[in-house]
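The values are calculated or read from the model by the stated rules, or taken from the named source; none is laboratory data. Just so we're clear, the structure is a prediction, and the values are computed from it rather than from any experiment. Note: ideal-geometry Cβ built from the backbone for every residue, glycine included; neighbour counts use all protein chains shown. Surface accessibility is based on the protein's heavy atoms, side chains included, excluding ligands, DNA and RNA. Shrake-Rupley method; radii C 1.70, N 1.55, O 1.52, S 1.80 Å.
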Amino acid sequence: MDLEKMMALPGAMAAFTFSDKGDLQNHVLREGTELTPQVLDLLTRSCVANLAIAGMEARGWEAVTGQAGFQPLQGFSVVGLEWSVVVNGNCGVVVKNRDADYEATFNALQTA
Amino acid sequence: MHIVKQLMAIPGVIAAGEYAYRGDRFSFEGALTDEFARMASILCRANTLSVNMQSEIFDSFAENCGCRPVQGWIVRGRDITVCAIGNYFSFIENREDLLNDVMTIMRAKVGDIEDDLLVNLYARLGGDTKEALY
């Protein structure tokens, strides 16, 4: 995982990887950002939880409605007031909302 | 133009709707049945509640870190993406640039979600939940 490449995404403030349990493994923070490794460590745990819930919902939705197209899941994003965290697999990027390119970020995580 | 109608005018938007935070009402346009729209509304409300709870915890670790109040969330599927901003949701196809366009319109039309979202969510459940939350 090339975190520096992730930091080149529009509005990127932080990029990180985490274990299946949600432990923060590697991270890069843009200088001057208000984010801290402690916040990232908490964020990675919520990322694992949100991906698991979204996976369950996608599976359930397809089974109940017969509507395909959700699985396999390609990511989840929480949109905060000033920044969004976009995550897929074991990697995530925090992007500033005003500069965010959600599509490019999801695509980058998909191919990472 | 109402946000749902504006979203539905965009090619690639499958369905869009609005749900009440208390979970008992919804309206929508597009390719969903009434029952599926009801399910989507419940799902959106549950996810919104969950990510708001998470942001409260982030805020207790790092006040004013830029996450709270949560504006919404996105689930990216293989061919379909679900976007939720405030109490609006949309199901869209994974077409080039569509996600960014839909997010820009939803953020602009819904406006910034204020800090009282959780209070509104909980207050409908009964009791003095505001005191317990803050």
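What the table shows:
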{"read-out": "Yes/no for A:Val95 being surrounded by 21 or more Cβ atoms within 10 Å (Cβ to Cβ), farther than 20 Å from A:Asp2 by Cβ and in contact with a helix residue (DSSP H, G or I) (Cβ under 7 Å, 6 or more places away or on another chain)", "value": "no"}
{"read-out": "Those residues of the range A:90-108 which are part of a helix (DSSP H, G or I) and either more than 9 Å from every other protein chain (Cβ to nearest Cβ) or within 13 Å of B:Leu99 (Cβ to Cβ) (or both), in sequence order", "value": "A:Arg98, A:Asp99, A:Tyr102, A:Glu103, A:Ala104, A:Thr105, A:Phe106, A:Asn107, A:Ala108"}
{"read-out": "Within the range A:4-55, considering residues that are touching a residue at least 40 places away in the same chain (Cβ under 8 Å), within 14 Å of another protein chain (Cβ to nearest Cβ) and over 21 Å from B:Arg68 (Cα atoms), the one least open to solvent (accessible area, probe 1.4 Å)", "value": "A:Leu9"}
{"read-out": "Test: B:Val51 is within 7 Å of another protein chain (Cβ to nearest Cβ), part of a helix (DSSP H, G or I) and without any contact (Cβ under 8 Å) to a residue 40 or more places away in the chain", "value": "yes"}
{"read-out": "Residue within the range B:74-97 that is open to solvent by 10 Å² or more (accessible area, probe 1.4 Å), assigned to a helix (DSSP H, G or I) and either within 7 Å of another protein chain (Cβ to nearest Cβ) or closer than 20 Å to B:Leu117 by Cα (or both) present", "value": "no"}
{"read-out": "Residue that is open to solvent by less than 40 Å² (accessible area, probe 1.4 Å), at the interface with chain B (Cβ under 7 Å from one of its Cβ atoms) and more than 20 Å from B:Tyr88 (Cα to Cα), where the choices are A:Gly69, A:Gly60", "value": "A:Gly69"}
{"read-out": "Tally of residues being assigned to a loop (DSSP other than H, G, I, E, B) and among the acidic types (Asp, Glu) across the range A:53-68", "value": "0"}
{"read-out": "Set B:Glu63, B:Glu35: member being more than 8 Å from every other protein chain (Cβ to nearest Cβ), in a helix (DSSP H, G or I) and open to solvent by 60 Å² or more (accessible area, probe 1.4 Å)", "value": "B:Glu35"}
{"read-out": "Those residues of the range A:65-80 which are modelled with pLDDT under 95 and of a type in the set (A, V, I, L, M), in sequence order", "value": "A:Ala68"}
